[in-house]
Structure formats: structure tokens, C-alpha cells
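Here the structure comes first, spelled out in C-alpha cells, and everything after it is commentary.
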Amino acid sequence: MASFSELIERVKNNIVETDPDTVRELQVSNPTTRIIDVRERDEFVEGHIEGAEFIPRGLLDLKIENTIPDKDQPIVLYCAGGTRSALAAKTLSELGYNDVKSMAGGFTAWKRSGHPVHIPKTLNQEQLNRYSRHLLIPEVGEKGQSKLLDAKVLMLGAGGLGSPAAMYLAAAGVGKIGIIDSDVVDRSNLQRQILHTDDRVGEPKVDSAEKTINALNPDVEVVKYQQWLTSDNVLDIFEDWDVVVDGGDNFATRYLINDACVHLGIPNVHGSVFRFEGQVTSFIAGDGPCYRCLYPEPPPPELAPSCQEAGVLGVLPGIIGLLQAIEVIKIVADIGEPLNGRLLTFDGLKSEFRQLRLRRDPACEVCAEDATFNGFIDYEVFCSVG
Ligand SMILES: [Zn+2]
């Protein structure tokens, strides 16, 4: 009977070993190489190789064929010191994987060589529980949830669109939510602006929004801007945020948001509603059109409906706002296909979704390759739909 060290010795003679420097070179020269961390979860969350995937050795044979169906895929396995990954490499070669290497010295040697290490935001017990339904989705998982917790999402307006979007983004665990809204809660808002409650009529909307969000999820930090967005403050405010959700109800703000997002390279998730109809799209600077590619200038004020005239079925902004929330989650977690270059419209009376292709205008004054930034324009404030 062989001792454990004899067994390891024999295994190591029958697998291919590599070293941290070679793995690092491979990572840069051949980014399709899959690097798999076979340690236990508590070891992985304390730090791992940047870009590594986590499959603990105990689950490797169960999970590998779903994770990597191609048996010719180059794979590097590592553990803490190189023993578990050697055993794991033997398992994978028995399963028919042809290009498997075990990193000698493991993560300890990797760190000692000074190669990049990723220390993930660790989810505490309460978060593992709160977000368990996200953690069960492979596309989100702990990695996606950490991205959400790290994300900073700015809502333009705590109104009809901003309310459902902010509530679900807060519930989803977006770590930081900014809200720009200069208004106070009015009873006529409550038919759709579900962040607010009847007993908060007269309170600033940003305060009411903060109360609702924090009651729902204490993980979320709310940053309040009880002010109008103007050409003077837009850059200062936008600079700190990853994604902007345009739930505004007027053209002046819509153009300002567009121009600032293009200028700063921030994705802008746009929604609007009118009576029974709504639409949503994502403007991602450099990857699809911007709002001005579609409408270079706002319409004259007399052609736009006033805020009071523009009625809306209360449920409708709920649907459109939640589509905006899904867009934000895809953009933040880097999954799926955001609606850049596509406009999704919804007709509530017919219960019908339609999709229109949107094209970038190569001569767009704001987002064209050769466009020069000439500052922001303050249009006269008048309402659009919503
Ligand atoms: Zn454009």
C-alpha cells in the first residue's frame, strides 16, 4: 500500500505541471485558457488569481462537463500548494480532457511571484441568504452579486420610472443608488410612484425614496441630490457613477443626461411612458447610437405635451421602469445583451412588445468619432411624455 506522499509523487509523474510565470504568460498571450481554482470556498473568497473560475475539487468531476464541454480546451488548475490541483488534473485527464496542467506551488507561489490577485467582496451570511436566488443563477452567482454590490447607479428622478427601477435595483443588491429629484411627494404621484407613501405627502422625494430603499435593503447606500440637474452641476454629479437611469420627464434633462453620459462614457438606460405606451433602450457610448443620433434637437416646446396633460396608466411605468432595472443589471454584471441599438416598445392596451433597430448617426454632433465637446446646452424646461 502506497503512502499519501508516494501517491502524490506517482500522480505528479503522470500529469503535466506548470509554474506561475508560465501561467501568467499564458493568461496574457492566450486569454481563452481557463484557470480553475479547486480550493474550498473560504480559501477562494480570501483571494484568487484574477480571472480564475471557482470549482472546488470535491465538485470538479460533477461540474466540469457543464462548465467546459470542450475536451480540448486548455485548462490550468491550481490550489494552495499544488497537491490538490495535481489530483484534480488526474481526474480531468481520466474524464478525457487533453490539455490540463496543474500549477506547481499553487496560489502561494503565484502570490510570491507578484502576479495579480483578485480579492473579491465577500458576501456575509446575511447576504448569502438575501441574494440566494441570484447565487443560484450561474450567470449571476457570487461574482455577479459582488459586481452588483460594488455598482453605483444614478437615478434621474424618483418618479414613475425611477420608483420601480430603484426599488428592484435596491432589492437586487445594487450597493450604491443615487437619486436626483428636486420635488416633494404629491398625492397625485402615488398612483405610480411606489417609492412614496400617503403619509409622506409634502416630504422631499429623495428623503422618501431613501426611507423605502433602506427599509427594503440596508445594504444599499442612498446618495440624495435634492436639486435640478443643470449644465453647471451635471459633470460633478455624474462623474462618480457607473450607470445612469433616465427616468426624467422633460426634454431639457434628457438631452443633458445624454450629452453628459456620452462625454463621460457612462451607459444611459433610457425609458419613457405616455398613457398606455412606453419604450426603453440603453445608450452605451461608443457601442450604438446616443439619444441625439435619433433626435438631434428637442422639439419646440409648444409641440410637447405639458406634464399635467401627459396622462399615464399607473402600472405602465412599473413595466418600463423594471425593464430599465434589468438593463442596469445586465450592464453591471456584464451578462446578456443590453438594448443598445434596439428600442423596445410596449403597448399596454394590446399587450404587445415591439423592437426597433436604432442606428448610430455618423454625423451626430455629440457621439460621432470626430465630434468635439462644446459644453452643455440648457434647453428651456418643458415636459415630454411621462
Ligand atoms: Zn449620437
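Matching residues to (1) over 27 Å from the mean Cα position of the chain (by Cα); (2) aliphatic (A, V, I, L, M):
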residue: 173; (1), (2): no, no
residue: 181; (1), (2): no, no
residue: 185; (1), (2): yes, yes
residue: 188; (1), (2): yes, no
residue: 198; (1), (2): yes, no
residue: 201; (1), (2): yes, yes
residue: 214; (1), (2): no, no
residue: 221; (1), (2): no, no
### Query
Do we find that residue 164 is under 23 Å from the mean Cα position of the chain (by Cα) and at pLDDT 95 or above in this structure?
yes
### Query
Residues in region 257-264: is at least one more than 20 Å from the chain's Cα centre (by Cα), surrounded by 22 or more Cβ atoms within 10 Å (Cβ to Cβ) and in contact (Cβ under 8 Å) with a residue 24 or more places away in the chain?
yes
### Query
Here is a list of conditions, (1) assigned by TED's automatic domain parsing to the domain that holds residue 232; (2) touching a residue at least 24 places away in the same chain (Cβ under 8 Å), and residue 379 meets all of them except one; can you say which number that is?
(1)
### Task
Return yes when residue 195 is touching a helix residue (DSSP H, G or I) at 6+ places or on another chain (Cβ under 9 Å) and crowded, with 21+ Cβ neighbours inside 10 Å and no when it is not.
yes
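Quick grid of which residues meet (1) in the same structural domain as residue 114 (by TED's automatic domain parsing); (2) free of Cβ contacts under 8 Å to residues at least 60 places away in the same chain; (3) of a type in the set (Val, Ile, Thr):
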| site | (1), (2), (3) |
| --- | --- |
| 11 | yes, no, yes |
| 14 | yes, no, no |
| 21 | yes, no, no |
| 30 | yes, yes, no |
| 50 | yes, no, no |
| 66 | yes, yes, no |
| 69 | yes, yes, no |
| 72 | yes, yes, no |
| 79 | yes, yes, no |
### Message
Condition (residue is in contact with an Asp or Glu (Cβ under 7 Å, 6 or more places away or on another chain) and farther than 19 Å from residue 269 by Cα) applied to region 210-221: is it met by at least one residue?
### Response
no
#### Entry: Selection count, region 224-240, where residues are crowded, with 21+ Cβ neighbours inside 10 Å and either outside the structural domain of residue 193 (by TED's automatic domain parsing) or in a loop (DSSP other than H, G, I, E, B) (or both)
1
### Query
Which ranges mark the helices (runs of 4 or more DSSP H) fully within region 119-200 that have 1 or more residues being touching a residue at least 60 places away in the same chain (Cβ under 8 Å), out of contact with any Ser or Thr (no Cβ under 9 Å at 6 or more places or on another chain) and of a type outside the set (A, V, I, L, M, F, W, C)?
125-130, 141-150, 162-172
### Message
From the list 363, 333, exactly one residue is outside the structural domain of residue 282 (by TED's automatic domain parsing) and either more than 13 Å from residue 281 (Cα to Cα) or more than 24 Å from the chain's Cα centre (by Cα) (or both). Which is it?
### Response
363
### Query
Just a yes or no: is a residue in region 303-314 surrounded by 21 or more Cβ atoms within 10 Å (Cβ to Cβ), more than 19 Å from the chain's Cα centre (by Cα) and closer than 21 Å to residue 343 by Cα?
yes
### Message
What's the total number of residues in region 252-293 that are within 11 Å of the ligand (Cβ to nearest atom) and hydrophobic (A, V, I, L, M, F, W, C)?
### Response
6
### Task
Would you tally the residues in region 201-223 being touching a helix residue (DSSP H, G or I) at 6+ places or on another chain (Cβ under 6 Å) and part of a helix (DSSP H, G or I)?
3
### Query
With respect to residue 213, is the statement that it is farther than 25 Å from residue 278 by Cβ and either assigned by TED's automatic domain parsing to the domain that holds residue 180 or in contact (Cβ under 8 Å) with a residue 12 or more places away in the chain (or both) true?
no
### Message
Among the residues of region 366-375, what is the count of those that are closer than 23 Å to residue 339 by Cβ and of a type outside the set (A, V, I, L, M, F, W, C)?
### Response
1
### Query
Mind checking which residues of region 327-386 are within 14 Å of the ligand (Cβ to nearest atom) and among the hydroxyl-bearing types (Ser, Thr, Tyr)?
372
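The values are calculated or read from the model by the stated rules, or taken from the named source; none is laboratory data. Please read all numbers here as calculations on a predicted model, not as lab measurements. Note: ideal-geometry Cβ built from the backbone for every residue, glycine included; neighbour counts use all protein chains shown.
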